[in-house]
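Peer 1: This structure is in structure tokens; I'll ask about it shortly.
The values are calculated or read from the model by the stated rules, or taken from the named source; none is laboratory data. Note that the coordinates shown come from a computational prediction; the quantities given were computed from them, not determined experimentally. A quick note on method: Cβ atoms are made from the backbone with ideal geometry, for glycine too, and the neighbour counts reach across all protein chains shown.
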Amino acid sequence: MVLWFVGPSILIVWVVFRSPSADYRLVALGSVLPLVELPIGEPRVLHGLAGAALALAVVMFAARGNRLAQRRWLGVPIGMLLHLVLDGAWADTEAFWWPATGLDWSDAELAELGRGALDLVLELIGLATCWWLYRRFRLDEPARRAEFVRTGRVGRDIVPG
């Protein structure tokens, strides 16, 4: 369950910000970062707003005085927030609002572990989204692909439409 988070997160950030200079690699990283909680089986910090807020604070503090670095690394907390949306994490009030709703962890199963066959459907949608992005941003062209791998950018002359 990775492509369901990566593809739609990159697409959403592209549609909302329309920024060819954003580092979409970091958006993808942020969108899968909460998956490190899978071995626990229950939501913890990364499946709530507190985790994304903490990541945002770390980015802003660590790169203070360097607006370009802040802007680039902002992709991580944005990707984390998109994970929460795509995962339906907001449906578990106790986990989503932790610690505002109390310091006890939610004992609900992670959504990624409880959807069954729907996970396959979501992953196929994620695969289709990634394929569409690959074609849309012309990453089959070696120069564009090399720029994406090196910088996370998708090309300045792409016009969304």
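Peer 1: Identify all residues within the range 8-55 that are buried (at least 17 other Cβ atoms within 10 Å of the Cβ), small (G, A, S) and farther than 18 Å from A89 by Cα; write none if there are none.
Peer 2: A22
Peer 1: All but one of (1) surrounded by fewer than 18 Cβ atoms within 10 Å (Cβ to Cβ); (2) modelled with pLDDT of 95 or more hold for H83; which doesn't?
Peer 2: Against the list (1) surrounded by fewer than 18 Cβ atoms within 10 Å (Cβ to Cβ); (2) modelled with pLDDT of 95 or more, H83 comes up short only on (1).
Peer 1: On to the next question. Where in the range 5-93 are there helices (runs of 4 or more DSSP H), lying fully within it, with 2 or more residues that are within 30 Å of E109 (Cβ to Cβ)?
Peer 2: So the answer is 24-32, 49-62, 75-87.
Peer 1: Can you find even one residue in the range 94-107 that is modelled with pLDDT under 90, within 26 Å of V15 (Cβ to Cβ), in a helix (DSSP H, G or I) and within 20 Å of the chain's Cα centre (by Cα)?
Peer 2: No, the conditions are met nowhere in the range 94-107.
Peer 1: While we're looking at this one, here's another question. Tell me whether the range 109-126 contains one or more residues that are of a type outside the set (S, T, N, Q), within 23 Å of W14 (Cβ to Cβ) and not in a helix (DSSP H, G or I).
Peer 2: no
Peer 1: Anything in the range 56-72 that is exposed (fewer than 13 other Cβ atoms within 10 Å of the Cβ) and among the small types (G, A, S)? List them, or say none. It would help to see each step written out before you state the result.
Peer 2: Within the range 56-72, the subset exposed (fewer than 13 other Cβ atoms within 10 Å of the Cβ) is 57, 61-62, 64-68.
Residues satisfying the conditions are A57, A62, G65.
Peer 1: Taking only pairs six or more apart or across chains, which ones have beta-carbon atoms under 8 Å, a first residue in the range 119-136 that is of a type in the set (D, E), and a second residue that is surrounded by 16 or more Cβ atoms within 10 Å (Cβ to Cβ) and in a helix (DSSP H, G or I)?
Peer 2: From the range 119-136, the pairs are D119/W4; D119/E112; E123/L3; E123/W4.
Peer 1: So G88 clears everything in (1) surrounded by 16 or more Cβ atoms within 10 Å (Cβ to Cβ); (2) within 24 Å of V6 (Cα to Cα) except one condition, right? Which one?
Peer 2: Tallying (1) surrounded by 16 or more Cβ atoms within 10 Å (Cβ to Cβ); (2) within 24 Å of V6 (Cα to Cα), G88 fails exactly one: (1).
Peer 1: Additional query: Starting from the range 14-32, keep only residues that are touching a residue at least 60 places away in the same chain (Cβ under 8 Å), then list their pairs with residues that are in a loop (DSSP other than H, G, I, E, B) and among the charged types (D, E, K, R) whose Cβ atoms are within a distance under 9 Å, requiring at least 6 positions of separation or different chains.
Peer 2: Going by the 9 Å Cβ cut-off, the qualifying pairs are P20/R153; P20/R156; P20/D157; S21/R153; S21/R156; A22/R153; D23/R153; Y24/R153.
Peer 1: Something else about it: Only one of (1) outside any helix (DSSP H, G or I); (2) surrounded by 11 or more Cβ atoms within 10 Å (Cβ to Cβ); (3) out of contact with any Leu (no Cβ under 9 Å at 6 or more places or on another chain); (4) not β-branched (V, I, T) is not met by L139, so which one is it?
Peer 2: (3)
Peer 1: While we're here: Looking at the range 145-154, which of its residues are out of contact with any helix residue (DSSP H, G or I) (no Cβ under 9 Å at 6 or more places or on another chain) and either within 19 Å of F17 (Cβ to Cβ) or touching a residue at least 60 places away in the same chain (Cβ under 8 Å) (or both)?
Peer 2: The answer is E147, and nothing else.
Peer 1: Is there a residue being more than 21 Å from D87 (Cα to Cα) and aliphatic (A, V, I, L, M) anywhere in the range 101-124?
Peer 2: yes
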